[in-house]
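Asks: The structure follows.
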Amino acid sequence: DKIRLFILLAGAVALVVFFFPKDRFFEPSSSDLGSLRLGGPILEETLKEPGLRGKPWLKVLVDIDRLYFQEGKLSEAIRLAESALAKVPHQERENWRELYYRYWELLADADRAHVLKTSTRSYLDELPEDPFANYYFARAVLISADHSQSLDPETASAHRQETEFAANQVDLACRTLEAQKAYPETDKEKKETLTDLYRKLRLEQAKLYVLI
């Protein structure tokens, strides 16, 4: 009986190691990693710097950051971001990614999970490897789960599928980050940034797997 018990325990440990690898589920806690954020606020002095012709989004970002960080007007900042992004053609989305990133931060801060989920999912349809989009899509799914109470079977099934999709998307983003990090010409600072992105994405993925 002791031998049989030992074999069962060894098998259980092997399964845990296989399905829950250390680099995916035993990263530092969220309080250590912090949230994934664009940084800032971006100040008006930035607009005086040379080489801004290719950054049409910067003026809008400065105005958004002034509203939120200086004046504390979160709702107005979100409305300004939505007004600007509504005019961006789909093929130009990647060029305006910094503004999207700030917009998603604001939506997460405002606890507007449905709008955040819709926006990030639409962005991922065209740019599926984007780490920020995947991070905030995962955040939206997790926030929605926190808000959900008892779900009927059909809704619960749809939510599970959405959660699985978000987890798989994080895998895609992380594989892309690993490839970038392995590129011989990637410098040390860029590698550190990629590692930080990777860890934060894996942490959100771990939370998604708990839901699944």
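Asks: May I ask you to derive the relative contact order of region 54-122, considering only C-alpha pairs under 8 Å and at least 6 residues apart, and to give it as an integer percent?
Replies: 31
Asks: For the full complex of protein chains and a 1.4 angstrom probe, list E98, E192, E154, E76 by accessible area with the highest value first.
Replies: E154, E192, E76, E98
Asks: Using only protein heavy atoms and a 1.4 Å probe, report how much of F69 is accessible, in Å² to the nearest 10.
Replies: 90
Asks: If we count every other residue with Cβ under 14 angstrom of A179's Cβ, Lys/Arg +1 and Asp/Glu -1, where does the sum land?
Replies: Taking every other residue near A179 into account, the sum is 0.
Asks: Could you do me a favour and compute the accessible area per residue for region 145-212, 1.4 Å probe, result in Å²?
Replies: Per residue, region 145-212 has 63 Å² of solvent-accessible surface.
Asks: Which number do you get for Rg(Cα) / (2.2 N^0.38 Å) in region 150-208?
Replies: 1.50
Asks: Mind ranking R202, R121 by accessible surface for me, highest first, 1.4 Å probe?
Replies: Descending order: R121, R202.
Asks: Take region 57-212, drop everything but the C-alpha atoms, weight them equally and run the Debye formula without solvent; then report log10 I(q)/I(0) at 0.10, 0.15 Å⁻¹ to two decimals.
Replies: Per q value, in the given order, log10 I(q)/I(0) is -0.40, -0.86.
Asks: Ok, one more. So what is the relative contact order of region 103-175, in percent, for Cα pairs below 8 Å that sit 6 or more residues apart?
Replies: 35
Asks: Separate question: For L124, L172, L211, give me the order by solvent-accessible area with a 1.4 Å probe, most accessible first, ignoring ligands, DNA and RNA.
Replies: L211, L172, L124
The values are calculated or read from the model by the stated rules, or taken from the named source; none is laboratory data. These numbers were taken from a predicted model, which means no experiment stands behind them. Note: ideal-geometry Cβ built from the backbone for every residue, glycine included; neighbour counts use all protein chains shown. Heads up: the accessible areas ignore ligands, DNA and RNA and are worked out on the full protein's heavy atoms, side chains in. Shrake-Rupley method; radii C 1.70, N 1.55, O 1.52, S 1.80 Å.
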